[in-house]
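Here the structure comes first, spelled out in structure tokens, and everything after it is commentary.
The values are calculated or read from the model by the stated rules, or taken from the named source; none is laboratory data. On a predicted model such as this, the values are computed, not experimentally measured, just so you know. When we count neighbours, we look across all protein chains shown, and the Cβ atoms used for this are built from the backbone with ideal geometry, even at glycine. Ligands, DNA and RNA are stripped out before the accessible areas are found, and what is left, the full protein with its side chains, is counted by its heavy atoms. Shrake-Rupley method; radii C 1.70, N 1.55, O 1.52, S 1.80 Å.
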Amino acid sequence: MKVLFLGSGTSTGVPVIGCQCDVCRSDNPKNKRLRSSVLIQSATTRILVDSCPDLRQQALRHNLTAIDAVLYTHEHLDHTAGFDEMRAFCWHREDRLPLYASTACLQQLKRMFAWAFSEKNTYKGYIRPAAHDHEGRSFTVGDIHVTPVLVQHAAVETYGYVFRCDGKSFGYVPDIKVLPEASFPLLCGLDALAMDALTTREHHTHLTVDQCVELMQQLKPARGYLTHCGHAVDYDTACAHTPSFIEPAYDGLELGL
């Protein structure tokens with residue numbers, strides 16, 4: 001199983017429009033962050049997590065021409081606004097593109113993109129999703145086993161996911177403020193875990209870098225990665241202040257598990 005970070009930034013991306021802070025003006029390419037998304041790959045399966053507004057740019061950058069399914073963490077626009085870009089993944093498919101999300105997220109997607117989910121949508125030039133409500137239960141896409149992990153983030157139902165293939169495990173939780181007690185065991189002891197580390201100061205809907213590190217120290221993954229980072233997070237500074245098993249993710253980072 002491989003994990004490719006297509007984007008590691010928060011909803012504004014980095015640099016932020018109009019900002020002249022040190023991180024936004026940084027020459028370090030690892031401080032240039034598109035909106036958060038990952039691609040999970042096995043020998044036979046490709047899963048996209050979230051269709052962010054930068055999906056077209058990410059797909060062109062990494063020559064991503066086909067996926068087997070898309071998973072959604074929640075319905076916020078920085079995770080869904082690239083929805084229509086997925087039509088390129090449907091042009092050469094005879095069947096509809098499998099789409100997995102929670103009940104609440106699916107309701108919002110069907111409201112925002114009603115034409116795509118319509119039974120009358122049969123034209124191959126459009127995205128043609130096949131919606132699956134995972135209802136918080138584990139499921140399988142190809143040879144990859146997926147476990148939804150309910151977390152607290154803002155006022156919307158939000159999920160992270162744990163992916164397992166060939167005895168390896170990867171957890172991805174890009175938006176989180178609180179990890180419910182019932183979800184804690186699902187993220188313990190993974191081979192790798194990427195988690196929300198939006199900023200360096202207290203935030204009402206996201207973890208800070210320090211809070212993310214503290215939580216990872218409890219969860220004890222073999223390798224931890226900070227993601228969904230904003231312009232308060234400098235890559236080199238974060239590297240210097242995190243434990244040896246934790247580092248910031250960056251756009252284009254590929255993990256081999």
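Which numbered condition in (1) more than 29 Å from Pro15 (Cβ to Cβ); (2) without any contact (Cβ under 8 Å) to a residue 24 or more places away in the chain; (3) not β-branched (Val, Ile, Thr) is the only one that Cys239 fails?
The single condition Cys239 does not satisfy is (1).
Can you give me the number of residues within region 81-106 that are open to solvent by 30 Å² or more (accessible area, probe 1.4 Å) and either closer than 17 Å to Thr44 by Cβ or free of Cβ contacts under 8 Å to residues at least 40 places away in the same chain (or both)?
Summing the residues that are open to solvent by 30 Å² or more (accessible area, probe 1.4 Å) and either closer than 17 Å to Thr44 by Cβ or free of Cβ contacts under 8 Å to residues at least 40 places away in the same chain (or both) in region 81-106 gives 9.
Taking region 219-248, which residues are of a type in the set (A, V, I, L, M), open to solvent by 40 Å² or more (accessible area, probe 1.4 Å) and either in contact with a Gly (Cβ under 9 Å, 6 or more places away or on another chain) or more than 13 Å from Leu207 (Cβ to Cβ) (or both)?
Kept after step one, since they are of a type in the set (A, V, I, L, M), are these residues of region 219-248: 219, 222, 226, 232-233, 238, 240, 246.
Next cut, open to solvent by 40 Å² or more (accessible area, probe 1.4 Å) only: 222, 232, 240.
Selection gives Ala222, Ala240.
If you scan region 164-191, which residues turn out to be of a type in the set (Asp, Glu), farther than 18 Å from Gly256 by Cα and open to solvent by 10 Å² or more (accessible area, probe 1.4 Å)? Talk me through it step by step, then tell me what you get.
Applying the first criterion (of a type in the set (Asp, Glu)) to region 164-191 yields 166, 175, 181, 191.
Going one step further and asking which of them are farther than 18 Å from Gly256 by Cα, we end up with 175, 181.
Listed by number, the list holds a single entry, Glu181.
Check whether at least one residue in region 152-160 is of a type in the set (Gly, Ala, Ser), more than 24 Å from Ile40 (Cα to Cα) and open to solvent by 10 Å² or more (accessible area, probe 1.4 Å), and report yes or no. Break it down stepwise before answering.
Looking only at region 152-160, we keep the residues that are of a type in the set (Gly, Ala, Ser), and these are 154-155, 160.
Applying the additional criterion that residues be more than 24 Å from Ile40 (Cα to Cα) yields 154-155.
So of that shortlist, the ones also open to solvent by 10 Å² or more (accessible area, probe 1.4 Å) come out as 154-155.
Yes, region 152-160 contains at least one residue that is of a type in the set (Gly, Ala, Ser), more than 24 Å from Ile40 (Cα to Cα) and open to solvent by 10 Å² or more (accessible area, probe 1.4 Å).
For residues in region 125-141 being surrounded by 12 or more Cβ atoms within 10 Å (Cβ to Cβ) and over 20 Å from Thr73 (Cβ atoms), which is modelled with the highest pLDDT?
Among residues in region 125-141 that are surrounded by 12 or more Cβ atoms within 10 Å (Cβ to Cβ) and over 20 Å from Thr73 (Cβ atoms), the one modelled with the highest pLDDT is Arg128.
Helices (runs of 4 or more DSSP H) wholly in region 1-120 with at least 3 residues that are modelled with pLDDT of 95 or more and within 30 Å of Lys168 (Cβ to Cβ) - which ones? Break it down stepwise before answering.
Numbers: elements: 55-61, 77-80, 103-112, 114-117.
Correct list: 55-61, 77-80, 103-112.
For region 147-201, enumerate the residues that are modelled with pLDDT of 95 or more and small (Gly, Ala, Ser).
Gly160, Gly167, Ser169, Gly171, Ala182, Ser183, Gly189, Ala192, Ala194, Ala197, listed by residue number.
Within the group Asp22, Asp78, Asp27, Asp68, which residue is buried (at least 22 other Cβ atoms within 10 Å of the Cβ) and among the acidic types (Asp, Glu)? Lay out the reasoning, then the answer.
Values: Asp22 fails: buried (at least 22 other Cβ atoms within 10 Å of the Cβ); Asp27 fails: buried (at least 22 other Cβ atoms within 10 Å of the Cβ); Asp68 fails: buried (at least 22 other Cβ atoms within 10 Å of the Cβ).
Selected residue: Asp78, the only one of Asp22, Asp78, Asp27, Asp68 that is buried (at least 22 other Cβ atoms within 10 Å of the Cβ) and among the acidic types (Asp, Glu).
Does His231 count as under 24 Å from Asp54 (Cα atoms) and touching a Cys at 6+ places or on another chain (Cβ under 6 Å)? Give the steps one after another, and end with the answer.
Details: under 24 Å from Asp54 (Cα atoms): yes; touching a Cys at 6+ places or on another chain (Cβ under 6 Å): yes.
When the stated conditions are applied, His231 passes them.
Quickly run through region 184-221 and pick out the residues that are touching a residue at least 60 places away in the same chain (Cβ under 8 Å) and part of a helix (DSSP H, G or I).
Across region 184-221, there are no qualifying residues.
Of everything in region 58-110, what is aromatic (Phe, Trp, Tyr) and in contact with a Gly (Cβ under 9 Å, 6 or more places away or on another chain)? Give them in sequence order. Give the derivation first.
Taking region 58-110 first, the residues aromatic (Phe, Trp, Tyr) are 72, 83, 89, 91, 100.
Matches in region 58-110: Trp91 only.
What single numbered condition from (1) out of contact with any helix residue (DSSP H, G or I) (no Cβ under 8 Å at 6 or more places or on another chain); (2) without any contact (Cβ under 8 Å) to a residue 40 or more places away in the chain fails to hold for Ala232?
(2)
Regarding region 139-157, can at least one residue be identified that is on the phi > 0 side of the Ramachandran plot and outside any strand (DSSP E or B)? Show your work before the answer.
As a first pass, look at region 139-157 and keep what is on the phi > 0 side of the Ramachandran plot: 142, 154.
Going one step further and asking which of them are outside any strand (DSSP E or B), we end up with 142, 154.
Looking through region 139-157, at least one residue is on the phi > 0 side of the Ramachandran plot and outside any strand (DSSP E or B).
If the requirement is being among the polar types (S, T, N, Q), surrounded by 14 or more Cβ atoms within 10 Å (Cβ to Cβ) and farther than 22 Å from Pro148 by Cα, which of these qualifies: Gln41, Gln58? Spell out how you get there, then give the answer.
Values: Gln41 fails: farther than 22 Å from Pro148 by Cα.
Step by step, each of Gln41, Gln58 is checked, and only Gln58 is among the polar types (S, T, N, Q), surrounded by 14 or more Cβ atoms within 10 Å (Cβ to Cβ) and farther than 22 Å from Pro148 by Cα.
Would you be able to say whether some residue in region 156-172 is closer than 21 Å to Leu253 by Cα and in contact with a Lys or Arg (Cβ under 9 Å, 6 or more places away or on another chain)?
Within region 156-172, one or more residues are closer than 21 Å to Leu253 by Cα and in contact with a Lys or Arg (Cβ under 9 Å, 6 or more places away or on another chain).
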